[in-house]
Each structure stands twice: as structure tokens, then as C-alpha cells.
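Okay, structure first, notes after.
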Amino acid sequence: MPRLTVVVPTFQEAANLPQLVHRVHDVLSRESIDYEMIVVDDNSPDETRQICQELAEKFPLRLIVRTAERGLSSAVVAGMNSATGELLVCMDADLSHPPEAIPELVAALENPQTDFVIGSRYVRGGSTEDGWGLLRWLNSKSATLLARPLTAVRDPMAGFFGLRSSAFQSAENLNPIGYKIGLELLVKCNCQCVKEIPIRFANRLYGDSKLSIREQLCYLRHLRRLYRFRFGVKAKAVEYGLVGLSGACADLCVLWGLMQVLPFNGARPLAICSAVVWNFWLNRDFTFEDGRSKQVHLQFFRFVVACLSGATVNWLISMGLQTNVPAFERNPLLAAVVGISAGAGMNFAMCLRFVFRPIANARSSVDSSAIRTHGSITHPRATVLDEPVTHLDQRIG
Ligand SMILES: Nc1nc2c(ncn2[C@@H]2O[C@H](COP(=O)(O)OP(=O)(O)OP(=O)(O)O)[C@@H](O)[C@H]2O)c(=O)[nH]1
Ligand SMILES: [Mg+2]
């Protein structure tokens, strides 16, 4: 069994593969690192297949062609599932990631303390080649910032990373959507000690980028799943708070509109009702989508009960504090703040336990419970997938 498996996801990278394979081989044989390379291609309509066939005669290369699925992350998971190396390194095919840095990644993983390594653009000594427009730079930086609550590493977006096969196998509920499989593994394998090796990230050698706007939106969905995975109910509470804020805005907008035709007394209750309906739908479709019942009317009735309970708690606490506690007698607004917080807490708890209690076996886009296995993958690990089951139809090499 080789010590190292290099996994390379590809889509239309035929022009880059020969140079990549040669450079990887040169550096790893120079460093006496026994390796295999697995190219996971999503049935590219170019010469990937023929080129890999030729390369596989000279180099330890295997090609996995997937015909039933597309996606960078799931391709990487498929490659890692069939890897035989003790150490796994993932890299792009377009030569953005310098193969010459692989030995450093491997050396870092030799240290038992280190459980994840990243070829990093954003640590001292790391860089990106000129030619990144402001938009791409901003995009990368804001994506990194959004991942900050999940990890403190400088370049969590990197597609050049490594980990032990045992760590990969310990990953819980891999849900590989989108582009950021490194971040997914970092979080799901619970990697604590991450080492970042500086690299110079080159512009792609040949071909076009596959990173689309759709993939960027997918990243936000992916992040949300990871927040849920890492922070559980706290992440739901934040989403619930955001929905509440949007409800307050909806309330004010509707009030403003209605006041053009109605007096305040008439407009106010209608605006409040519209905010309740707004919050209900958003919470049902967004915050608590795993508890979406088919009996919408009953669920709405329960939501109204939860809102009334929250309002009652709010009123009782703020009135109680304001009339009985001297400090609050002088600060009625403070009493209201405490009341609002307690009411919101009560409302959230009732939504969680009573209104939108998760329905057993519900398929949620955030916390999928539909566990499917890669039927034809050689490794027996189970992986949670949103998309249809992967078929690894062809193997060459
Ligand atoms: N198997 C598979 N590989 C993919 C898919 N999309 C992209 N890739 C590969 O993933 C790697 C990274 O994709 P790129 O298009 O280079 O994305 P990027 O690095 O963000 O963008 P550029 O370097 O600017 O082109 C490359 O090796 C691609 O060929 C896919 O749907 N399936
Ligand atoms: Mg690239």
C-alpha cells in the first residue's frame, strides 16, 4: 500500500494533467515518497480518459470516471473513499497548487500532533499570483471571514490540503456540496491541530474556471450546515433572531403602507398580523425546516399560541420588574429589554419544542438524516449526500 494518495478532482482538465502528473511524480520520487494518484473526473467531454490511460502506463495513476454525478466536493470524497494511502492530499488539476509543496504537507502530517495541513495562501510567505481582480480577492476574503466562527485557520477555503486517512474515516455525516470540501473535512473530522504551509497560488495553466455564481451561493448553504453541525441549537437561535429582525422590518413597512389609507389604530393590528404571518413562513421554511408539518393551519395556530405566550411572558416580566424592583422603576426601558429577551427566549423554546418539533425521518437541507452509501465505492464508509447516489462507473489504471 502506498504511503500517500494524491486525490485530484477534474472536469475538463486534459490539457493540465500531463504536466501535473509529471511534476507530482518528479517531486515525490525525489523525496522517496511512495504514492498513488487518483483522478476523479466527472465524465469530461475532452481527452481526459485517453490521457489518463496513457499516463497510467508510466505512473501510479488511477482514474475514476463518474457519470451520474457532478461536483468537486463529492468527487474528492469519492477519491478519498477509494484511496489506499495512509495519508491523503487533495489538490486542483490546474497547477494552481504547486506539486513541489506536497513533501512539506506530508512532513507536517508525519507529526502525530498535526491532524490537518493546508497549502495556504494567507500565512506569512504565502501569496497569490498577480491577476486576481478586486472582485475575486474580495470574494475569497469575505468567504474566509464567514468561516471564521468555525475555524481560526487563515486559509480555510484552500483546495490544497492533507489529512490522515483515519481522520477522514472518522468524519461524521459528510455532506459534500459545493466547492469547500477542505472546510467540510476540517470541521467534520474535528481537526484541532492544523498546520498551514505557505504556498504561491498560481493562476490556472490551461482551461477555464468552473467556479460559478451558483457555486458561491452553494457556499452559503454549506456554511449554514456547518454552523448547525458545530453550534447546534445556538445556530438555530441566531437564525431565529434574524427572522425576528426581518419581521420587525416587515411590520414597520406594512404599517407605513397601511397608514397611507388607514388611521394608526386600524393599521397597527394589521401590521402586527402581517409580521406574525411573515415570521411564521420564514421560520417554517428556513429556521425550522426540519419540523415543517403538512398541517399548516395547525402549525400556524401553534405558532400564534407561542407568540402570545412570548408576549405574555414579556409583559409579566417587564411589568413585574418595573413595579417591584426599584432599579427598574427608574429605568422602565431596561425592564422592557429584560421582558423582550425573556419573551423571545420563551417564544424560541416553544417553536423548538412545540410548534416546529423536528419530524422523524424528515429530509432537511441542513441536517440531512437520509444516509446513503456509495454503493459501488470500494471503501465501506457511509456518506450523507443530498444529491443522487454516486455511481463510479469506470475505473482505469
Ligand atoms: N470532478 C470534478 N472536478 C471539478 C468540478 N468542478 C471543478 N473541478 C475541479 O476542481 C478543481 C478546482 O476547480 P477550478 O475551476 O480550478 O476552481 P478555482 O480554482 O476556484 O478557479 P480557477 O483556478 O480560477 O479556475 C479543478 O481541478 C477542477 O477541474 C466538478 O464538478 N467535478
Ligand atoms: Mg483552480
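Need one number: convex hull volume per residue for the stretch 233-355, Cα atoms only, in Å³. Intermediate results must be reported in sequence, preceding the final value.
Working: hull volume 14.5 nm³, N = 123.
Measuring per residue, one finds 118 Å³ for the Cα hull of the stretch 233-355.
Thr48 sits among other residues whose Cβ lies under 10 Å from its own Cβ, and their net charge, with Lys and Arg +1 and Asp and Glu -1, is -4.
Would you tally the net charge around Pro99, using a Cβ to Cβ cut-off of less than 13 Å, leaving Pro99 out, and scoring K and R as +1, D and E as -1? The partial results should precede the final answer.
On the way: positive: Arg23, Arg30, Arg200; negative: Asp26, Glu31, Asp92, Asp94, Glu100, Glu104.
Result for the neighbourhood of Pro99: -3.
Amide H contacts of Tyr35: Arg3, Leu4, each under 5 Å away and 5 or more positions distant or on a separate chain (H built 1.01 Å from N in the peptide plane; Pro and chain starts excluded). Couplings 3J(HN,Hα) of the stretch 20-31, computed from phi: 4, 5, 4, 5, 5, 5, 4, 6, 6, 6, 4, 8 Hz, in residue order, whole Hz [Karplus 6.51 cos²θ - 1.76 cosθ + 1.60, θ = phi - 60°; x for Gly and Pro].
So, counting K/R as plus one and D/E as minus one, what does the shell of residues with Cβ under 11 Å around Leu146 add up to?
Numbers: positive: Lys141, Arg148, Lys180, Arg224; negative: none.
Once all neighbours under 11 Å are counted, the net charge is +4.
Among Thr84, Thr151, Thr323, the largest mean-square fluctuation in a Gaussian network model of the chain, built with springs joining Cα atoms closer than 10 Å, belongs to Thr323. Taking Cα centroids, how far is the stretch 247-267 from the stretch 312-353 in Å? Comparing the Cα centres of the stretch 247-267 and the stretch 312-353, I get a distance of 25 Å. Applying D = kT/(6 pi eta Rh) to the chain, where Rh is the Kirkwood radius over alpha-carbon pairs, T corresponds to 10 °C and eta to 1.306 mPa s, the Stokes-Einstein value obtained is 66 µm²/s.
Read-outs: derived from the displayed coordinates by stated rules, not from any lab. All values derive from a computational prediction rather than experimental measurement. For neighbour counting, all protein chains shown are included, and Cβ atoms are generated from backbone atoms with ideal geometry for every residue, glycine included.
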